[in-house]
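Below is one structure; the comments refer to it alone.
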Amino acid sequence: MPSAEAPEADEAVPPYIDVSKASVARVYDAFLNGKDNYEIDREVLHRIEQVAPEATQLGWDNREFLIRASRFIASQTGITQYLDCGSGLPTAENTHQVVQRIQPEARVVYVDNDPVVLAHGRALLEENDQTHLIGADIFEPSKVLENEVVRKHLDFSEPIALYQCGTMHHYTGDRYAEIMKEYIDALPSGSYVALSHFFDPETTEHSALARKMEEIFIHSPMGSGSFRTRAQIESMLPGLELVEPGLVRCSDWWPDGPRVKPMASVQYCIAGAVGRKP
């Protein structure tokens, strides 16, 4: 359901926003029932809901995985520097809020190239001098890793936590493993990587749903959303020691409590893992 506060009329659209096509960040915002999305973005959600009525659970499972992974890394590893790629629009419990509550000295650099994200994020972060946001294409690792803000605020001689949560499935080419390897190669020993990704579980019960959603995402106004197999997702985590329980459904990665209701079918179609670089 779109938020009642979501902008409806074209006159409400700032001039720097292109509403001729959906934005990944704004579509996620619609999945999370946010207010920073437009009809073109909500159209993607409505199309997915036609084959998967509980589609918004994809967004929530991704977000909650990020929050739990952040709590784990901040509380268990001692890492105090974070590079969050494809940060998306500000919502409740952003990465910097989670980790700085546990590690007040933590430094966070967000990366995104959506003009709405950059406008909202920079306004949000004006009074937080340990959190920064850069505009860059996360699928060009060298431009992110060599960015002067990244290099100023993150020390690559000390462990870093790299996040690619709900991002790599929007890369539709065949270089996804190479992109991740370039990031991981740049990280020092002791660093951690958190990855979540649309998942084809390759089961009779849920693979067809994954492929239907993929077809809709790719042919929607957003134009991306690949559901990859376990082997394909594992290829994006080269050389990492995966934290138990490894690559699992996002809702199964250290949940906050026992499961008291059945999982929706879409919850079988998004997976996540956290790995340590030896």
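Please verify whether THR95 is touching a residue at least 24 places away in the same chain (Cβ under 8 Å), buried (at least 21 other Cβ atoms within 10 Å of the Cβ) and polar (S, T, N, Q), treating the condition exactly as stated. Judged against the criteria, THR95 is a match. Among the residues making up segment 126-141, those that are within 12 Å of TYR183 (Cβ to Cβ) and in contact with a helix residue (DSSP H, G or I) (Cβ under 7 Å, 6 or more places away or on another chain) are ILE138, PHE139, PRO141. Note on segment 103-132: residues that are surrounded by 15 or more Cβ atoms within 10 Å (Cβ to Cβ) and under 20 Å from PRO159 (Cα atoms) total 10. Among the residues of segment 152-163, are any among the small types (Gly, Ala, Ser), in contact (Cβ under 8 Å) with a residue 60 or more places away in the chain and under 18 Å from GLY88 (Cα atoms)? Yes: segment 152-163 contains one or more residues that are among the small types (Gly, Ala, Ser), in contact (Cβ under 8 Å) with a residue 60 or more places away in the chain and under 18 Å from GLY88 (Cα atoms).
Quick check on segment 164-187: of everything there that is over 15 Å from PRO238 (Cα atoms) and either of a type in the set (Gly, Ala, Ser) or under 18 Å from the mean Cα position of the chain (by Cα) (or both), which residue is surrounded by the fewest Cβ atoms within 10 Å (Cβ to Cβ)? Spell out the reasoning first.
In the first step, residues of segment 164-187 are kept if they are over 15 Å from PRO238 (Cα atoms); the result is 165-167, 169-174.
With the extra rule that they be either of a type in the set (Gly, Ala, Ser) or under 18 Å from the mean Cα position of the chain (by Cα) (or both), the set shrinks to 165-167, 169-173.
Working: CYS165: 24, GLY166: 26, THR167: 23, HIS169: 23, HIS170: 20, TYR171: 17, THR172: 13, GLY173: 9.
The residue in question is GLY173.
Say we look at segment 52-101 and pick out the residues that are of a type in the set (S, T, N, Q) and in contact with an Asp or Glu (Cβ under 6 Å, 6 or more places away or on another chain); which of these is farthest from ASN33 (Cα to Cα)?
Quick first cut of segment 52-101, residues of a type in the set (S, T, N, Q) only: 56-57, 62, 70, 75-77, 80-81, 87, 91, 94-95, 97, 100.
Remaining after also requiring in contact with an Asp or Glu (Cβ under 6 Å, 6 or more places away or on another chain): 80, 87, 95.
Numbers: THR80: 31, SER87: 17, THR95: 19 Å.
Out of the qualifying residues, it is THR80.
Looking only at residues in segment 188-215 that are out of contact with any Lys or Arg (no Cβ under 7 Å at 6 or more places or on another chain), closer than 20 Å to TYR28 by Cα and acidic (Asp, Glu), which one is surrounded by the most Cβ atoms within 10 Å (Cβ to Cβ)? Applying the filter and picking the extreme gives GLU214. For the residues SER75, SER87, SER70, the requirement of being modelled with pLDDT of 95 or more and surrounded by 24 or more Cβ atoms within 10 Å (Cβ to Cβ) singles out SER70. For VAL44, the conditions (1) surrounded by 22 or more Cβ atoms within 10 Å (Cβ to Cβ); (2) more than 23 Å from MET263 (Cα to Cα) all hold with the exception of (2).
Conditions (1) of a type in the set (Asp, Glu); (2) closer than 21 Å to MET168 by Cβ, marked per residue:
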position: VAL111; (1), (2): no, yes
position: ARG122; (1), (2): no, no
position: ALA136; (1), (2): no, yes
position: GLU140; (1), (2): yes, yes
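When segment 222-278 is limited to residues that are modelled with pLDDT under 95 and of a type in the set (Lys, Arg), the one that is surrounded by the most Cβ atoms within 10 Å (Cβ to Cβ) turns out to be ARG259. Hey, could you check segment 257-270 for residues that are in contact with a helix residue (DSSP H, G or I) (Cβ under 7 Å, 6 or more places away or on another chain) and touching a residue at least 24 places away in the same chain (Cβ under 8 Å) and say which is farthest from PHE227 (Cα to Cα)? Result: ALA264.
The values are calculated or read from the model by the stated rules, or taken from the named source; none is laboratory data. Since the model is a prediction, treat every value here as computed from it, not as a measurement. Cβ atoms come from the backbone with ideal geometry, glycine included; neighbour counts cover every protein chain shown.
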